[in-house]
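The values are calculated or read from the model by the stated rules, or taken from the named source; none is laboratory data. These figures come from a predicted structure and were not determined experimentally. Positions of Cβ are generated from backbone atoms using ideal geometry, with glycine treated the same way; all protein chains shown enter the neighbour counts.
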Amino acid sequence: MHGTLCCLVPDNTNIRLTLPVVCFVWQIAMIILFGVFIRYDEESNTHWVETKAHNNITSDIENDFYFRYPSFQDVHVMIFVGFGFLMTFLKRYSFGAVGFNFLIASFGLQWALLMQGWFHSLDPQTGKIFIGIESLINADFCVAGCLIAYGAVLGKVSPVQLLVMTLFGVTLFAVEEYIILNLLHARDAGGSMVIHTFGGYYGLAISWVLYRPNLHQSKRMQGSVYHSDTFAMIGTLFLWMFWPSFNSAITDHGDGQHRAVINTYLGLASTVLTTVAISSLSQKTGKLDMVHIQNSTLAGGVALGTAAEFMISPYGALIVGFFCGIISTMGYIFISPFLEKTLKIQDTCGIHNLHAMPGVIGGIVGAITAAAASESVYGKQGLINTFDFTGDFKDRTVLTQGGYQAAGMCVSIVFGVVGGAIVGSILKLPIWGDPADENCFDDEVYWEVREPEHQESIPPILEYNNHMIHKHQDL
Amino acid sequence: MHGTLCCLVPDNTNIRLTLPVVCFVWQIAMIILFGVFIRYDEESNTHWVETKAHNNITSDIENDFYFRYPSFQDVHVMIFVGFGFLMTFLKRYSFGAVGFNFLIASFGLQWALLMQGWFHSLDPQTGKIFIGIESLINADFCVAGCLIAYGAVLGKVSPVQLLVMTLFGVTLFAVEEYIILNLLHARDAGGSMVIHTFGGYYGLAISWVLYRPNLHQSKRMQGSVYHSDTFAMIGTLFLWMFWPSFNSAITDHGDGQHRAVINTYLGLASTVLTTVAISSLSQKTGKLDMVHIQNSTLAGGVALGTAAEFMISPYGALIVGFFCGIISTMGYIFISPFLEKTLKIQDTCGIHNLHAMPGVIGGIVGAITAAAASESVYGKQGLINTFDFTGDFKDRTVLTQGGYQAAGMCVSIVFGVVGGAIVGSILKLPIWGDPADENCFDDEVYWEVREPEHQESIPPILEYNNHMIHKHQDL
Amino acid sequence: MHGTLCCLVPDNTNIRLTLPVVCFVWQIAMIILFGVFIRYDEESNTHWVETKAHNNITSDIENDFYFRYPSFQDVHVMIFVGFGFLMTFLKRYSFGAVGFNFLIASFGLQWALLMQGWFHSLDPQTGKIFIGIESLINADFCVAGCLIAYGAVLGKVSPVQLLVMTLFGVTLFAVEEYIILNLLHARDAGGSMVIHTFGGYYGLAISWVLYRPNLHQSKRMQGSVYHSDTFAMIGTLFLWMFWPSFNSAITDHGDGQHRAVINTYLGLASTVLTTVAISSLSQKTGKLDMVHIQNSTLAGGVALGTAAEFMISPYGALIVGFFCGIISTMGYIFISPFLEKTLKIQDTCGIHNLHAMPGVIGGIVGAITAAAASESVYGKQGLINTFDFTGDFKDRTVLTQGGYQAAGMCVSIVFGVVGGAIVGSILKLPIWGDPADENCFDDEVYWEVREPEHQESIPPILEYNNHMIHKHQDL
């Protein structure tokens, strides 16, 4: 049967030309651009020994590497195992989930180093971008935005489309990030706005443009099976466990990283309980739904992406997590069907509930928390450090800051929606080798699946019986 | 078939009322209590900049965060992926294993921050609990005790029962921990006594009270299948690899953390070899048993929970691991059947062999190692640092310390057994929605299992043949 | 059927005597040798407080533990989860892959601490080996060489053979490492030569000696199934994500570790794109092959094992990764079949493509990069630091260094090939309980597989039908 299916796959999913060409050309472009622009920064350069002497740094441990490397590795795990395995929940799309996630993240992080470098750290004198551990974290963050978007179109696009989506996604990301963090001077260390809101709406807009009215033709492939749900929990848990590292990876040394970890840790714990509560309420016998557990439990981390570094206080973090668990789970129950039916947005992983909505909540929470900040709570210097009220922004008040935070959120939504709509139109061109409606969510289209699953599960005796049956039929 | 089963599930497993109510009420209680009691400590507070200046701290890297965060993240992985996946070994209880582990750990860590805070770090002046990274580690540790107990009752209780068990477990934990660490001033950085002995006996006592004479009715669900055993190895390995972090997470800065890592690393390696040896001996053709490999390989880590920070010396660690591998594996072969048959204790995961016994061994090893400590080995200051012979305890001798270590172990056993018996009685009330004997170890009771497994494994051609067969039968 | 198979297994796979004896005797030997030789170093000793005072170290954070522990834990994950799960790809050898990997790594790291200690850090005055965190990393590295070799013989040897292979492998490793790093004073922080080239050729030579002309008899077991490929991706991803830690774990504090991470991160990203490109090109419809994605994506990390700590520059790292992805994938397509057919080398995991070839490339890249190093790029002190031009080697030029790097590569190849051939001959003795040709790649030989897989996948209704069919047959 699978063999037969294979032959029914329309020719246009043949990506033997496009995929290798895109991979080769883009990778060569990366090499050239890196050759022209990218250099080691002073902390990863052999001249560090001179830098140390010059700056009176007494120990190698002051190298930013030691402040950020553990968090970086956690973020790296979230990007590749977290996002990758979270998307393996479909019964026959695990290769595509993990494999394409791997591919586009590997491309995206290179392009992100360039794009973010040009916007944030191009040295005007040398014309070079100097990279260090914080650049790698930011590149991973930027990629996260695109992987979120992948969640909306999972199973419905070709790897070439995903690469195109990532190319533009990273580009848009770098621009909106520049506007939000540098021009508006909003704070968003864990990316509620910059990463999650943007990534969420970017993916939803693309999915809206790529709407497939006949997607029900691949309905048989749209569910999960027992083991695929278990695999997906690997993704969920690594995302959940390492989210404190995500939200603290680029916050201020010392109390900044410390506080962001505590807040995220608490917010996420709270989310789990309300997710379970709503999930149980949604079934008439109180049974739990793995979709909710796999996804909504993470909403608290998304929503603390902006405020985790602020003095939101431990109970504040719990409250944010509390409501996010409720809202996100309700999203899966009520809003996703509405989006699909009414707005014609097919959102495979429910990124609207896990990233877009909680991201917006995170932006609002951040704006309110910033506006409510006071010198009595933060201390004079603490307030300056936390909101970076230095240089051009030294006279900014917390109220103004709150306003700019809110403005930042709007920017991320606009970039997501408009950018996604435009990129979606490009992806609609019939040249990208995307699967037909009846072949969506099926690894067979883009992967050599050596042994059809039935070979795995039929014991020898049954195979023998099969022959018997065939004989029966032949008779 | 599964559909039919589903209808046979007695009504009392309906947790649509109890589970959401417990989750909501308890989470709201957490928020209120956190609001009243929990604040950031001085290292996670924006006032850190002043603290630094005040204490002449020259660099942010001196923040305790950088000493402990990598270990914390490893411990966090052990709690959620380690314990969660270790319990996925049953063929149809992976959702319950990973999912309920996730739920009760998320609740438990919040309650632990409060309970441990009240007992260990309530500031008498302000009436507040100030939390930092070490508090999060301790909360995770506290939760570990309850997750161990979950292992004994895996598959036989409802999530509501698990939450109740965690509520009381954390409470008891905080009290016994206070007695052992503060009043007796015993050392137990990796929790051989405080975590493993207590958690083990707590779970066993509960399981003893909840004894099900007709559990054989769910015998068909009690084994593992090939892939569930492979999933369980994910849990085993993350526990095994990160155990050095577990035992060193809250030991002294510098040599204390360093030494605890070395000892645990070595002890665990040694355990693997003797576990394999005994497992192979136990079968007439020398085949290995996955149950042993999944569990007993970890016993050395448990047994070094107390002594890992002492100068037990590398070969001492190997010896502890050597015997623990033997004893734990023999426990699975001989003691578990005895416990079930004679003592009426049904211990699903064999926590007696993995936690209770090795925990007791760890307590004894700790007491002996402490009593045998000498100034010639430790150095004068080293001895004081290691055993914290300061303040009220500055005149304590190592022999006395050994005695108090042994006393600590007894306290942990008593708290486990008595506490477990009482909590077990509470859990016996017929209001918690626990499964009937014939529905134990089955995810269908508490989870929406969308697609019965046979759908997954029957290839289309076979389904067709099925129809053929049915026709045959009809004829 | 499985039951029947079980009885067909020849008696000589009975390892009930040999395996326990080897485990016990060797572990006891380890304990005795550790007792005689191994002690804590000054940073993991309670005397650290005095060491600090003596050396004017102001903070515990200067303890090497804090520079290396996060990297160590990542390396540890690579050894146990990375290598272990990468080898689970076979449909019925997951227990052997993860379990035997666990066993031999646990033995190997103990033996490595001794062997490396004798060669590298035996204190001439006390006759002791002082170990700390760097020793643990080096022990894990040494084990990696043997696990690579395991990949070539996966499924074809008994655990006793694996232990013997590890005993000799670690021994050979310590000697070649001493020659390359100490005598030749070559640099090889990530082990392109010392670990990957040696390990690769060691395994290939063993596999060549153990050639099985009738291996096709177990052809039915040689493929992967859907879920086993997904499990293998866990191994791939943890190796890929943590490779930056592998290559930087023992490089110089500060810029050395920082730079090694950046280079490896970039090289690996580049490899993914070219691997995907070649994999897609190799199929007539452009489909991707999981074997390539699982393995060749890692080749860039191998090939940067030597040069990652040098100033190879970011685009240089991308170029190395670029070519390694191409060469490694082509190796799977063209060279592996050639090796099997013409050279009679059966390489189960394709370690020639993942370790041996990329290792050699890494050695060459290292030699060229070293020879091309200049004071203008590195700075005067930077050059001395990076290549350790101190003591006996203070007058060495970069050109000479390049030559010694190349010589080091030859040493690793010679040790691998000759050592492997000799060890292979020992393993050919008919006393080790290796499986018959028709039982290769089958966990049933060495593991209690409680429930045959068909029990798992046949739904009750089908089992019933089976009975029906049997009746038909009986008629």
Those residues of the range B:114-133 which are of a type outside the set (Val, Ile, Thr) and away from every other protein chain (no Cβ under 11 Å) amount to B:115, B:116, B:118, B:119, B:120, B:121, B:122, B:123, B:124, B:125, B:127
inquiry  = Among the residues that make up the range B:12-21, is at least one of them surrounded by fewer than 22 Cβ atoms within 10 Å (Cβ to Cβ), under 28 Å from residue B:180 (Cα atoms) and not aliphatic (A, V, I, L, M)?
reply    = no
Condition (residue is within 17 Å of residue A:413 (Cα to Cα) and surrounded by fewer than 22 Cβ atoms within 10 Å (Cβ to Cβ)) applied to the range A:223-240: is it met by at least one residue?
no
Q) Is it the case that the range B:47-54 has a residue that's among the β-branched types (Val, Ile, Thr), facing another protein chain (nearest Cβ under 8 Å) and within 27 Å of the chain's Cα centre (by Cα)? A) no
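Does residue B:345 satisfy being in contact with a Leu (Cβ under 6 Å, 6 or more places away or on another chain) and under 30 Å from residue B:216 (Cβ atoms)?
Yes, satisfied.
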The helices (runs of 4 or more DSSP H) lying wholly within the range B:81-170 that contain at least 2 residues that are acidic (Asp, Glu) are B:133-153
Original post:
Would the range B:347-358 turn up any residue that is in contact (Cβ under 8 Å) with a residue 24 or more places away in the chain and of a type in the set (Asp, Glu)?
Top reply: yes
The helices (runs of 4 or more DSSP H) lying wholly within the range C:316-423 that contain at least 2 residues that are under 19 Å from the mean Cα position of the chain (by Cα) and of a type in the set (A, V, I, L, M, F, W, C) are C:357-371
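Tally time: how many residues in the range C:215-249 are over 30 Å from residue C:438 (Cα atoms) and either in a helix (DSSP H, G or I) or in contact with an Asp or Glu (Cβ under 6 Å, 6 or more places away or on another chain) (or both)?
The number of residues fulfilling the criteria is 12.
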Residue hits (the range A:290-309; surrounded by 24 or more Cβ atoms within 10 Å (Cβ to Cβ) and either at the interface with chain B (Cβ under 9 Å from one of its Cβ atoms) or of a type in the set (Gly, Ala, Ser) (or both)) are A:290, A:293, A:296, A:297, A:299, A:300, A:301, A:303, A:305, A:307, A:308
Only unsatisfied item for residue A:187, checking (1) within 14 Å of another protein chain (Cβ to nearest Cβ); (2) within 30 Å of residue C:313 (Cβ to Cβ), is (2)
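So which residues in the range C:285-315 are β-branched (Val, Ile, Thr) and at pLDDT 95 or above?
Correct list: C:291, C:293, C:297, C:302, C:306, C:312.
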Within the range A:275-289, of all residues that are facing chain B (nearest Cβ under 7 Å) and either under 24 Å from the mean Cα position of the chain (by Cα) or within 26 Å of residue B:131 (Cα to Cα) (or both), the one surrounded by the fewest Cβ atoms within 10 Å (Cβ to Cβ) is A:289
Taking the range A:373-399 and keeping residues over 16 Å from residue A:252 (Cβ atoms), within 14 Å of chain B (Cβ to nearest Cβ) and among the hydrophobic types (A, V, I, L, M, F, W, C) leaves A:377, A:398
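Each row is one residue, and each column tells you yes or no for (1) among the aromatic types (Phe, Trp, Tyr); (2) out of contact with any strand residue (DSSP E or B) (no Cβ under 9 Å at 6 or more places or on another chain); (3) more than 7 Å from chain B (Cβ to nearest Cβ).
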site: A:244; (1), (2), (3): no, yes, yes
site: A:253; (1), (2), (3): no, yes, no
site: A:259; (1), (2), (3): no, no, no
site: A:273; (1), (2), (3): no, yes, no
Exactly one of A:67, A:100 is in contact (Cβ under 8 Å) with a residue 60 or more places away in the chain and within 23 Å of residue C:236 (Cβ to Cβ), and that one is A:100
With criteria (1) closer than 25 Å to residue C:443 by Cβ; (2) crowded, with 24+ Cβ neighbours inside 10 Å; (3) among the β-branched types (Val, Ile, Thr); (4) in contact (Cβ under 8 Å) with a residue 60 or more places away in the chain, residue C:164 comes up short on (2)
Listed by first then second residue, the pairs whose first member lies in the range A:28-43 and is at the interface with chain C (Cβ under 8 Å from one of its Cβ atoms) and touching a residue at least 60 places away in the same chain (Cβ under 8 Å), whose partner is in a loop (DSSP other than H, G, I, E, B) and among the aliphatic types (A, V, I, L, M), with beta carbons under 8 Å and at least 6 positions apart or on separate chains, are A:40/C:311
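Looking at the range C:419-475, which of its residues are aliphatic (A, V, I, L, M) and modelled with pLDDT of 90 or more? Before the answer, list the steps.
Taking the range C:419-475 as the starting set, the residues that turn out to be aliphatic (A, V, I, L, M) are C:421-423, C:426-427, C:429, C:431, C:436, C:445, C:449, C:458, C:461-462, C:468-469, C:475.
The answer is C:421, C:422, C:423, C:426, C:427, C:429, C:436, C:445, C:449.
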Taking the range A:116-134 and keeping only residues that are surrounded by 22 or more Cβ atoms within 10 Å (Cβ to Cβ) and either within 21 Å of residue A:104 (Cβ to Cβ) or of a type in the set (Lys, Arg) (or both), one is left with A:116, A:117, A:131
For the range A:71-89 the number of residues that are more than 7 Å from chain C (Cβ to nearest Cβ) and touching an Asp or Glu at 6+ places or on another chain (Cβ under 9 Å) is 5
Report task. Determine if the range B:394-403 includes at least one residue that is under 19 Å from residue B:175 (Cβ atoms), modelled with pLDDT of 95 or more and surrounded by fewer than 23 Cβ atoms within 10 Å (Cβ to Cβ). Result -> no
